[in-house]
Each structure stands twice: as C-alpha cells, then as structure tokens.
Amino acid sequence: MNKVDAYPKTIRDLLENVKYKVDYYQREYKWRKEDISALLDDLEGKFLQSYDPLHPRARVQEYPHYFLGPIVISRKNNENFVIDGQQRLTSLTLLLIYLNHLQADHGESDKVDVSNLIYSEKYGQKSFNIDVPERSDCIKALFSGEEFPLDSQPESIRNISARYQDIDQLFPDTLRNSTLPYFIDWLIDNVDLVEITAYSDDDAYTIFETMNDRGLSLSPTEMLKGYLLSRIDEPELKQKANDLWKGRLLRFLEREESEADFFKAWLRSQYADTIRDRKKGAVNKDFERLGTAYHKWVRDNQAQIGLRTSSGFYDFVCDLFERYSTHYLHITQVARELTPGYEYIYYNGYNEFTLQDPLILATIRPEDDSATVEKKMRLVAGYIDVFIARRIANFRTLGYSSIVYTMFNLMKEIRGLDVQDLIRCLKGKVDEMEESFDGMASLYMHQQNRYRIHFLLARITNHIERMCGVESSFLTYVSRDIKKPFEIEHIWSDQYDQHTDEFNNEYDFAQYRNRIGGLLLLPRGFNQSLGSHAYQEKLDAYFGQNMLAKTLHPNCYKNTPSFLSYVERSGLPFRPYSAEFTKTSLDERQELYRRICEEIWSPKRFDQELA
C-alpha cells in the first residue's frame, strides 16, 4: 500500500490502450487559450530545432526529447485515477484528435496511426482513454467531426470544445503538409512525462501536495519587481514605487486580467527587435524571451531600455509601467465589452486576435495625450479588423504561427509613429495585402470556419441595418446568452431533389448550398420550423426577420425609403427574389455580400481619424 512507482513515459507509453479516470471531486478542465498556445509554441520550437526535410522519418527517433512534466496517478481496483495532470492529458487528447483529422488527406504511407492513443476497443465497444462519462459525447463528436451543442453543458465541456477550436486556429503552419508525419512521430515517441503512481489516494495526494505546496518559486512578475525596486536607492521613492506596483497589480486582479500577459505585451511592443527563425537550430530571440522570461530579459538588457541610474529605475515603474498598464487595461476592457468608438478592438477580441495588445501599445508614446492614444488605438485595431476579414474571405488561417512574423514586423514598423505617419503606414499595408475581398467569390462554410462565417454574417447584417437607420447591435447576432440566439440558416433547404435541374449530383449541391451567398442569420427555432421547406414557402417568414433576410422579399423594395436611399447612395446590387432562388440567384447574392464587405472594411476608415 505504501509503494510509489515513478517511470518516464512517452505519450505513446502513457496513452496507448490505457485508460485514465478522473474522480468526481477533481476540478473542471480549465486550460485557457494561452495554455494551448504556449504548448504548441514549445512543441514547435523544440521539434524544429532538429527537423530537416531531407531526413528520413526514422531519423526522428534521434531528435532530442521534450519533457512535459509529471502526472500523479492513484492505482486502485486495477484502474488509474488521475490526481494531478488531467489538464495536460485532456489537452494532449484534443491535440491527437486534431492531428488525426489533419492527416486525413495524406497518403497511407504518410499517416501515423494515433487512434489507439485516443480510444481503445474491447468487445466491439469503443471508449476514450481519458474515461470521463460526462465528457464522452463531446469527445466523440470532436473525434467524428460532428457538431456538439453546448447549451446547458458544464464548464469542462465548454472548455474542451473551445480549446479544440483553439488548436485548430493556432496549430503552426510549419508543422503541416509534408512535415506533419515527422512531427507526429516525434510527438508520440519523443515527448516525455513522468508517471508517478501511488496505490492509495492518501499517498497520491501527499505526493501532489509536496509537488505543489512546498518551496513555491517566485513568479516572473515578482522577480521583476524585486529587481527593479532593488535598484532604487532612495527609501521614500522605493516605497512609492512599491505602493504603485501593488496597487496596479490589485487592479489586474480585480479585472481578472493576467499581469504576466501585460508585461509580455508591453515589453514586446516597446523593445523586441528580433524574433526566432522557424528552422533547425534556431534559438529564442527578444520576442520569445519576453514571452517566457521577461524578468530575465529586462535584467540582461537594462541599458537598452534606459535602466542606468536609480532615477531611471524609478521612472520605469512610476511612469512607464503606470502609463502602459493603464492603456493595457483599457484595451482589454473594450475588447471584452462593446464600447462606442472602440468597436474594432471588440471585434478583434471576439476573433481572439491575441497580438492586438502589443500592436496597439507599440504606437503609443509616453508623451501622447488621451486623444492621440484613442486615435492610435482605433487606427491599429481598424487595420487588424481589415486583416482578419480579408483572411477569412480567402480561407486563410489566423493561427498564431502563420501571422506572428507579419505582425512582429508591423509592430516594429509602427512603433512610436505619430498619427499621420501611422495612417499612411496602415493604408499602405492594406494596399499591399495579398488578400482582397475578391476571394469571397468562392467563399463557403465548412466545419472549421463556421465561427468565422458567423462573424462575417453578423457584421454584414448589423452594417445594413445601421445604414438603413434601423436600431441594431452586433451583439444581438453573436450572443449565445439570449433566449433564441442567432444561428446560420441556409436559404436552400437540405433537399437535393428540389435542385436536380441545376446539379448533377448531391455532393455538388451540398457544396454550393454552403456558399456564403446562400446563408443568413436567423433566431434558433426558425430553422427547425421551416428548414425543410422550399424557398417560396419561407420567403414571407424572411420578411419578418432582420434586414439581410428582408432584402430577399419584394416588399422590402416598396415603401421603405431608408433602405431604398441606402441602395441608391451605395450602388450595391440588392434585388428581390420573389419566385425562386436559383444557383444564379445565389451567385448574385454572393457578389452582393462581397460588395457589402468591401464597404464595411473600406480603407476610407483610416481617413476618418484625420477629421
């Protein structure tokens, strides 16, 4: 009973045909997007230090290993109960499910079978290796590529679904395509954990407490504070700096914001000049070091950032830290709460664009007044909003690794610019963008971009209503907390037999039906009541919905002066479809949506800040 075993294990050793249970009293699955991002970034960096596309795959077994930490298991009644480590095991399972989907189009010789690391089968029954009954339906849906309704689901289920979407968004482009089988081989055989197994809950929890409660190390923020304050000579100034520091961290705590995320964003925005290359043997540079050990970077680069004298250290805390933390807290607040004048920041927060904070902070100078700061915030957020929309319209990923170089270089280019130079720079960047809204000619919805398509439709619907003088809010169309949240509705019902005159097979029909020109946002329940009906049977019901749906109906073009005035001044090709909605109709509607997007995300938005 008092025996304790500890063995290093690879992910394959740990998960292959082995089941782990999580007791009911264990905490919920709580990993955040930041945790997934850090994990993927670490795995990518470690793997690419050795990867060479000329290597045979067998060479991967010689690559260095990566240690992911310990897990603590209580072994009882021949079953494994996770005492510490369920967050990592759950996250690894989500990553393996994603990798299983990602290699679906690869040839058989390039596929790595990871299925038995996700589930095991006995007597013809499949069960997942992280065996938590309340999570099984959600995990099964993710594994099968099916939708899973999250209404009334507990915290763990919502977080599991959200973190899977984060993996889809953040998975590095450098690890896809021909690199993927190499990476999967390395992940399952070269990423190690230490499994500590006790044979009673008491022993297991003693180990857990020993690992977590004794000898707690200082956080990077605490070490940074100690370093900065120790260099201030005058006792009164040191006390003042200490009081300011504690007061500001209390504000972070009250706002439920991470002070570590602030220091990363602030210091990167002002001082990062280098970034790690994504290639074999590359080492971390300013950008990465400030993301993992900002306290050490400040100490090692003190002269570069003006920390030469006692007064320099004092000013760094009581002037720069105070100013930039104030700006950061304001940015994060309006990214969470839709605020007039700061809509772009909210939209980017809704799209979880994590690099918004350092980009905005990069432009702000200590001497900028509040009006200048507000303009710079809107300008940078407005550019990001255009960047995101054009990427969505062209099926381009917004994954961190795919855009971090572009955003890092932009951050350096706009650092400290005045308003007019910032406008010129951002307008030039829009003109140079590889993507335009021409890509919307073929834009359609699939499982991975449904959230983004919903965002575009919400912006389009909200924009049309505001242009017509109709009271409207973006939140109405994206909130999940209202009684009947808005969902994506297909104008065509899922009835191929209604469209055999235009399509030769059901597959082509299904693909065309998902094009954005054939989609609307309508309240939940509408689809259930009318979803299988023909277009003509749904048309009158559309007229009772939002403006985007109304524009299908002929009555919208009668006695609606505000709408007709908008059509005239915008020149947009609105038209009713009273008799039928054909393939040609959908194409016309697709072009209308494209033109509306060009109006919403017009570069003219930058000129408005000069007024």
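Brief remarks on what is shown
- Selection status of Arg589, under 29 Å from Phe503 (Cα atoms), touching a strand residue (DSSP E or B) at 6+ places or on another chain (Cβ under 7 Å) and crowded, with 18+ Cβ neighbours inside 10 Å: no
- Residue match in region 39-51 (condition: of a type in the set (Ser, Thr, Tyr), over 23 Å from Ala282 (Cα atoms) and over 22 Å from the mean Cα position of the chain (by Cα)): no
- Residue match in region 389-402 (condition: free of Cβ contacts under 8 Å to residues at least 24 places away in the same chain and hydroxyl-bearing (Ser, Thr, Tyr)): no
- If you go through region 297-309 and keep only what is without any contact (Cβ under 8 Å) to a residue 12 or more places away in the chain and either closer than 11 Å to Pro220 by Cα or part of a loop (DSSP other than H, G, I, E, B) (or both), you end up with Gln302, Ala303, Gly306, Arg308, Thr309.
- Subset tally (residues that are over 23 Å from Arg396 (Cα atoms) and surrounded by 14 or more Cβ atoms within 10 Å (Cβ to Cβ)) for region 448-486: 15
- Condition met for Ile331 (crowded, with 17+ Cβ neighbours inside 10 Å and within 18 Å of the chain's Cα centre (by Cα)): yes
- Glu367 being of a type in the set (Asp, Glu), modelled with pLDDT of 95 or more, more than 24 Å from Ala260 (Cβ to Cβ) and in contact with an Asp or Glu (Cβ under 9 Å, 6 or more places away or on another chain): no
- Hits in region 531-549 - residues which are touching a residue at least 24 places away in the same chain (Cβ under 8 Å) and surrounded by fewer than 18 Cβ atoms within 10 Å (Cβ to Cβ): Gly531, Ser532, His533, Ala534, Gln536
Here's the yes/no breakdown for (1) touching a Cys at 6+ places or on another chain (Cβ under 8 Å); (2) hydrophobic (A, V, I, L, M, F, W, C); (3) buried (at least 20 other Cβ atoms within 10 Å of the Cβ):
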residue	(1), (2), (3)
Asp84	no, no, yes
Gln87	no, no, no
Leu92	no, yes, yes
Leu95	no, yes, yes
Leu99	no, yes, yes
Leu102	no, yes, no
Glu108	no, no, no
Leu117	no, yes, yes
Glu121	no, no, no
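- All conditions in (1) in a loop (DSSP other than H, G, I, E, B); (2) among the hydrophobic types (A, V, I, L, M, F, W, C); (3) within 27 Å of the chain's Cα centre (by Cα); (4) modelled with pLDDT of 90 or more hold for Leu54, with the sole exception of (3).
- Residues in region 49-70 that are in contact with a Phe, Trp or Tyr (Cβ under 9 Å, 6 or more places away or on another chain) and buried (at least 18 other Cβ atoms within 10 Å of the Cβ): Tyr51, Val60, Tyr63.
- Filtered by the rule that a residue be under 19 Å from the mean Cα position of the chain (by Cα) and either surrounded by fewer than 19 Cβ atoms within 10 Å (Cβ to Cβ) or at pLDDT 90 or above (or both), region 15-30 gives a lone residue, Lys30.
- Among (1) surrounded by fewer than 19 Cβ atoms within 10 Å (Cβ to Cβ); (2) touching a residue at least 60 places away in the same chain (Cβ under 8 Å) - the single one Asp418 does not satisfy: (2)
- Taking residues in region 221-243 that are farther than 21 Å from Ser258 by Cα, and partners anywhere that are of a type in the set (Phe, Trp, Tyr), the pairs with Cβ atoms closer than 7 Å and at least 6 places apart or on different chains are Arg231/Phe313; Ile232/Phe313; Ile232/Tyr314; Leu237/Tyr314.
- Residues (in contact (Cβ under 8 Å) with a residue 60 or more places away in the chain and either part of a helix (DSSP H, G or I) or touching a strand residue (DSSP E or B) at 6+ places or on another chain (Cβ under 9 Å) (or both)) located in region 575-586: Lys583, Leu586
- Flag if Leu267 is farther than 23 Å from Glu413 by Cβ and of a type in the set (A, V, I, L, M, F, W, C): no
- Enumeration of residues in region 71-85 that are in contact (Cβ under 8 Å) with a residue 24 or more places away in the chain and out of contact with any Gly (no Cβ under 7 Å at 6 or more places or on another chain): Ile73, Ser74, Arg75, Lys76, Glu79, Asn80, Phe81, Val82, Ile83, Asp84, Gly85
- Conditions (1) part of a helix (DSSP H, G or I); (2) closer than 20 Å to Leu40 by Cα; (3) among the charged types (D, E, K, R); number of the one not met by Lys280: (1)
- Where helices (runs of 4 or more DSSP H) fall wholly inside region 506-574, the ranges with 2 or more residues that are at pLDDT 90 or above and either out of contact with any strand residue (DSSP E or B) (no Cβ under 9 Å at 6 or more places or on another chain) or under 18 Å from Leu457 (Cβ atoms) (or both) are 506-513, 535-542, 547-550, 561-570.
- Scanning region 102-119 turns up one or more residues that are touching a helix residue (DSSP H, G or I) at 6+ places or on another chain (Cβ under 6 Å), within 20 Å of Ile196 (Cα to Cα) and in a helix (DSSP H, G or I).
- From the options Lys285, Lys280, Lys264, residue that is of a type in the set (D, E, K, R), within 21 Å of Ser401 (Cα to Cα), outside the structural domain of Arg365 (by TED's automatic domain parsing) and within 21 Å of the chain's Cα centre (by Cα): Lys264
The values are calculated or read from the model by the stated rules, or taken from the named source; none is laboratory data. As the structure is a prediction and not an experimental result, all values here were calculated from the model. Neighbour counts run over all protein chains shown; Cβ positions are idealised from the backbone, glycine included.
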